[in-house]
Amino acid sequence: MSIPIPHLVIVGNGMVGHRLTEQLRQHAGPDALRLTVISEERRLAYDRVHLSSHFDDPRPDLSLATEGGYREAGVAVVQGRADAVNLTEKTVQVAGQTLAYDALVFATGSFPFVPPVSGKDARGCFVYRTLDDLDAIRDAARGARSGAVIGGGLLGLEAAGALRKLGLDTHVVEFAPHLMPAQLDAEGGSALRRTIEGMGIGVHVGRSTQQVSVDRDGRVTGLDFEGGTRLDADLVVFSAGIRPRDDLARAAGLSVGERGGILIDDACRTSDPHVYAVGECALYDGRVYGLVAPGYQMAKVAAVNALRDLGLLDTPPAHFRGADLSTKLKLLGVEVGSFGDAKGVTPGARSVSLSDNVRGTYSKVVVSEDGRVLGGLLVGDTARYADLLDLTMTGTPLSVPPETLIVPPLPGGAVMTSADALLCSCENVRESALCAAIAEGARDVASLKKCTGAGTGCGGCVPSLHGLLQTELRRLGETVTNHLCEHYPYSRQELFDLIRVRGHATWDEVLAAHGSGLGCEICKPAVGSILASLHNELVVAPQHAPLQDTNDAFLANIQKNGTYSVMPRVPGGEITAEGLIAIGAVAKRYGLYCKITGGQRIDLLGAHRDDLPAIWEDLIAAGFESGHAYGKSLRTVKSCVGSTWCRYGVQDSTSLAVRLELRYRGLRSPHKLKSGVSGCTRECAEARSKDFGIIATERGWNVYVGGNGGVTPKHALLLASDLSEDEVITLLDRYLMFYVRTADRLQRTSTWLENLDGGLEYLRSVIIDDRLGICAELDAEMARHIGTYRDEWAAAVSDPAIRARFRTFVNTDARDDGVQWVDERGQIRPADHPHFYPLPMLGGD
Amino acid sequence: MTTALTIHPPIPWTRVCALEDILPGTGVCALIQGQQVAVFRVGGRVYATGNRDPYTGANVLSRGLTGSYTAGGVTRVKVASPLLKHAFDLESGLSLDDPRVSVPVYATRTEGGDVWTGSPA
């Protein structure tokens, strides 16, 4: 290693500067690139977007970077303000030392603009930019009664929210005739104003502040406006916009814009080829971007190009092409969305709006002459934001009158969405890009991921990618295989039938008869699940354990740091005081984090693998059993209190929920199964968002199937009405077993039902009219499942060989020192990992 | 998505466990001089890699599902991390998603029913 390692220096450690270190380290480790950041603030990078939450109780940790994390990632930190940059010698002066660089990046951010009014520097005047600013505001608020924010834009309203949290009588002063003039029109501004005034915040628009008045001690007393009016205030916060911090770059001789900002090209390069600028200090195409999302895009672009220049990367150069300024955010609890040509300035544009002075909502769409959405505004309710933004970005011609886009949806009404749907929102990949990749030869989800990036973030869109791939290949006339994986040339349904008909009982038999190779992480759990559905043998038995995903292998849900969560079954959500105390005692004994789930039970998180058997011994002794929260199996049957307690209830929903949960517990299926039972039409158990839901009627029960929450919410469809409890059970037995037999791997009931040829009618003909003559078989299969059910945790803790598998290390009793906790709101949570994760995009929502 | 930043000092040859302590097709984790080593029993052979999943930073690879894959006509063995299912070649340690990412691999041998691992000579 005699070749010197190139050195990249970043001036500034705000959100964008920090993102840049992550982007650089993604491609180049410390052995390839020396990385130094200069941080002026004593705190390393933190989340400035959620600054006002600094006054929340408990106070959240806003930090994005830590010294330990940087140390581990080989990022050197120099504390101090950079004094000078010498472009010829390629050096930076900071804190009395000279740093030589091979590449330099300005990420110096911005400073708050303070209008030049007299008294602006008086005691009691503040800006709103850093955590130090916030601490100073909090100290001053102790002796203050009222506070005024100058600036009624996005940042000003954020600052007003902060003052309100400090208990001050809060006022917002805006020079323009309405609030948020950059984003909203007059009508939207007044809708927002009404709601904000309703919270007790004073709004003063169309006011020009002449001076900050001060008392004899030089302390703020209020604001004097042009025209003679005034506002008393003990504290004044300037939040009237930002200005790029370009002084260092300017002094170094880099080109800057007339009104400030370091000039960059679409490679994020400045006028010096070895120097880049990103974030709010940069001026691109005449514009300074004051939002974090464009800053993150610049960081990505600058990282690629700088590494290319240093010979560390050979991918094609990256380009910044400007950013869409559409925003959706929550200010003072009010949702505001603004996108595209929000004000309708395009010639010939037509604006359609709807305002509701009681709900405090205002919606507007701007439509072009030829009927395409150009932009719009949403105040008070931004539920339609994503759909409308999508229509704007894709320019899809409208097939419905524009007013229907902003009218609150009628129950059951269809929503118009664009033809080119956004499938992966993490990586911003649309259907068209995926179809193009398929046309160019991508034949599986893995290659789609590789060439488009879709599905590489949270992974939530992978099922949609799979569906799109199938449809698109069929459209292109290609043979579509729904083979499980390279080891089995069968679909899950075909394999299920082969195993059922031939009576295979183990993986080895199935692989020898129908598969090849050693299997993989796709076919092993699929076969494991089929064997469990058919034979209901213990999934952790030695012949089945190697097939199970870690959740089924250890009968608990793995979490991000490798520990597990534990969830005992609480049928129907009904639990005794003793039960609650017992769960609490276990949580306390093993130091677990507790959370109430949406399925009406209690999740205990942070369990070490080697504690799981002991935890379960305690839970079993208290009368609990496995809740199968880890399995592709029945999770919970949620219920309301029904006619036993509720004055509206017409049937005993809790008892039915308990009966159903105990009946179907442990049933292994292609995907997880959720259910709910509501005691009247008010539907408090949200049964229609479940795989099977039951809603009470005056005469009995209505059964709904194929509902889903999650990625693609879907209301369950009515399968049969006014049934008795026993009729409900017969119908559900068959429905579930038919699903278990015929669905694809990881296919929820909603998509299964959608793809079932003949749909709901066909389902009825099979499980009610017995058109295929299989009802007796389905009934028998369910009876066998129920007859052979046993608590798998009770079985696991009583078998020493199974318990031995829970040891962290096979050769010592030590524990994983990679598992570390920090305290949050009085409980544990995993310490942020010292390495880099891709952070979610901040600043929009 | 991070490159391997941790340095892996060599480990001495160490007896890990009895071969029968590892269910065929699965892995176990051993602690050797402070380092976590995942030891797998796949297709009649024993493989060893680092236990840390470089994509998530969690020490979980020994709990991944093992299997085989075919690339360029050659069948090789792999393990998929239980967290986000990134797969690694058990012999080379290379990520199947991104060849710039890898996990360390160690040599193994079985001797009289015992499994041993150590840094390659």
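The values are calculated or read from the model by the stated rules, or taken from the named source; none is laboratory data. Not measured: the values here are computed from a predicted model. Because the Cβ atoms are built from the backbone with ideal geometry, glycine has one as well, and the counts that use them run over all protein chains shown.
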Query raised in the report: Where in the stretch A:225-297 are the strands (runs of 3 or more DSSP E), entirely inside, with at least 1 residues that are within 37 Å of the chain's Cα centre (by Cα)?
Result: A:235-238, A:242-244, A:262-264, A:275-277, A:282-284
Query raised in the report: Which one of A:Ala553, A:Ala577, A:Ala505 is within 21 Å of A:Trp616 (Cα to Cα), free of Cβ contacts under 8 Å to residues at least 60 places away in the same chain and either crowded, with 23+ Cβ neighbours inside 10 Å or of a type outside the set (Lys, Arg) (or both)?
Result: A:Ala577
Report task. Report whether or not B:Ala71 is of a type outside the set (Phe, Trp, Tyr) and within 11 Å of chain A (Cβ to nearest Cβ). Result -> yes
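To keep it simple, each residue is scored yes or no on (1) farther than 30 Å from B:His8 by Cα; (2) assigned by TED's automatic domain parsing to the domain that holds A:Gly17; (3) of a type in the set (Gly, Ala, Ser); (4) touching a Cys at 6+ places or on another chain (Cβ under 8 Å).
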| residue | (1), (2), (3), (4) |
| --- | --- |
| A:Arg42 | yes, yes, no, no |
| A:Gly69 | no, yes, yes, no |
| A:Val77 | no, yes, no, no |
| A:Ala82 | yes, yes, yes, no |
| A:Val85 | yes, yes, no, no |
| A:Thr91 | yes, yes, no, no |
| A:Gly96 | yes, yes, yes, no |
Requested in this report: Please indicate, with yes or no, whether at least one residue in the stretch B:66-74 is in a loop (DSSP other than H, G, I, E, B), over 9 Å from the mean Cα position of the chain (by Cα) and in contact (Cβ under 8 Å) with a residue 12 or more places away in the chain.
Outcome: no
Report summary line: If we keep only residues of the stretch A:632-654 that are of a type in the set (Gly, Ala, Ser) and either in contact (Cβ under 8 Å) with a residue 60 or more places away in the chain or touching a Ser or Thr at 6+ places or on another chain (Cβ under 7 Å) (or both), then the residue farthest from A:Ala526 (Cα to Cα) is A:Gly649
Query raised in the report: What number of residues within the stretch A:524-542 satisfy the criterion of being facing chain B (nearest Cβ under 9 Å) and out of contact with any strand residue (DSSP E or B) (no Cβ under 8 Å at 6 or more places or on another chain)?
Result: 1
Query raised in the report: Hey, any hits in the stretch A:88-97 for a residue that's more than 14 Å from every other protein chain (Cβ to nearest Cβ), in a strand (DSSP E or B), in contact (Cβ under 8 Å) with a residue 24 or more places away in the chain and under 21 Å from A:Ala306 (Cβ atoms)?
Result: yes
Query raised in the report: Taking the stretch B:4-33 as the region of interest, how many residues are part of a loop (DSSP other than H, G, I, E, B) and either more than 9 Å from every other protein chain (Cβ to nearest Cβ) or out of contact with any Pro (no Cβ under 9 Å at 6 or more places or on another chain) (or both)?
Result: 9
Report summary line: How many residues of the stretch A:637-656 are under 23 Å from A:Asn708 (Cβ atoms) and either outside the structural domain of A:Val728 (by TED's automatic domain parsing) or of a type outside the set (Gly, Ala, Ser) (or both)? The answer is 4
**Report entry** Scope the stretch A:780-797; condition acidic (Asp, Glu) and modelled with pLDDT under 95; matching residues
**Finding:** A:Glu781
Query - Residues satisfying the stated conditions in the stretch A:615-626, i.e. among the acidic types (Asp, Glu) and part of a loop (DSSP other than H, G, I, E, B) - result: A:Glu625
Query - Looking only at the stretch B:34-43, and only at residues there that are surrounded by fewer than 21 Cβ atoms within 10 Å (Cβ to Cβ) and facing chain A (nearest Cβ under 10 Å), the one that is farthest from A:Asp508 (Cα to Cα) - result: B:Gly34
Query raised in the report: How many residues, within the stretch A:319-368, are among the basic types (Lys, Arg), over 21 Å from the mean Cα position of the chain (by Cα) and either closer than 30 Å to A:Ala303 by Cα or assigned to a loop (DSSP other than H, G, I, E, B) (or both)?
Result: 3
Query - Filtered residues of the stretch A:343-376 (kept if loosely packed, with under 15 Cβ neighbours inside 10 Å and among the β-branched types (Val, Ile, Thr)) - result: A:Val345, A:Val358
Report summary line: Residues in the stretch A:276-306 that are in contact with a strand residue (DSSP E or B) (Cβ under 8 Å, 6 or more places away or on another chain), within 18 Å of A:Pro6 (Cβ to Cβ) and surrounded by 24 or more Cβ atoms within 10 Å (Cβ to Cβ) total 3
**Report entry** Which listed residue is farther than 22 Å from A:Met782 by Cβ and more than 33 Å from the chain's Cα centre (by Cα), from A:Ala720, A:Ala621
**Finding:** A:Ala621
Query raised in the report: Which members of the stretch A:805-821 meet the condition of being more than 8 Å from every other protein chain (Cβ to nearest Cβ) and over 36 Å from the mean Cα position of the chain (by Cα)?
Result: A:Asp813
Query raised in the report: Can you pull out the residues in the stretch A:543-564 that are more than 7 Å from chain B (Cβ to nearest Cβ), under 20 Å from A:Ala794 (Cα atoms) and in contact with a Gly (Cβ under 9 Å, 6 or more places away or on another chain)?
Result: A:His544, A:Gln548, A:Asn551, A:Asp552, A:Leu555, A:Tyr564
Query raised in the report: If we keep just the residues of the stretch A:580-609 that are free of Cβ contacts under 8 Å to residues at least 40 places away in the same chain and in a helix (DSSP H, G or I), which is nearest to A:Ile558 (Cα to Cα)?
Result: A:Ala587
Query raised in the report: In this structure, does A:Leu612 turn out to be assigned to a helix (DSSP H, G or I) and either within 21 Å of A:Thr550 (Cβ to Cβ) or at pLDDT 95 or above (or both)?
Result: yes
Query raised in the report: Do any strands (runs of 3 or more DSSP E) entirely within the stretch A:116-187 hold 2 or more residues that are in contact (Cβ under 8 Å) with a residue 40 or more places away in the chain and surrounded by fewer than 23 Cβ atoms within 10 Å (Cβ to Cβ), and if so, which?
Result: A:125-127
Report summary line: Pairs returned, first residue in the stretch A:362-382 that is of a type in the set (S, T, N, Q), second residue that is surrounded by fewer than 24 Cβ atoms within 10 Å (Cβ to Cβ) and assigned to a strand (DSSP E or B), beta-carbon separation under 6 angstrom, 6 or more apart or interchain, are A:Ser363/A:Leu354; A:Ser368/A:Leu374; A:Thr382/A:Lys328; A:Thr382/A:Glu335
Report summary line: Of the listed residues (B:Thr2, B:Thr66), the one being at pLDDT below 90 and either more than 26 Å from A:Ala526 (Cα to Cα) or buried (at least 19 other Cβ atoms within 10 Å of the Cβ) (or both) is B:Thr2
Report task. Could you figure out which of (1) among the aliphatic types (A, V, I, L, M); (2) surrounded by fewer than 21 Cβ atoms within 10 Å (Cβ to Cβ); (3) in a strand (DSSP E or B) isn't true of B:Ala48? Result -> (2)
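Here's the yes/no breakdown for (1) free of Cβ contacts under 8 Å to residues at least 60 places away in the same chain; (2) away from every other protein chain (no Cβ under 14 Å):
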position	(1), (2)
A:Arg25	no, no
A:Ser39	yes, yes
A:Ala45	yes, yes
A:Ser53	yes, yes
A:Asp56	no, yes
A:Gly74	yes, no
A:Val78	yes, yes
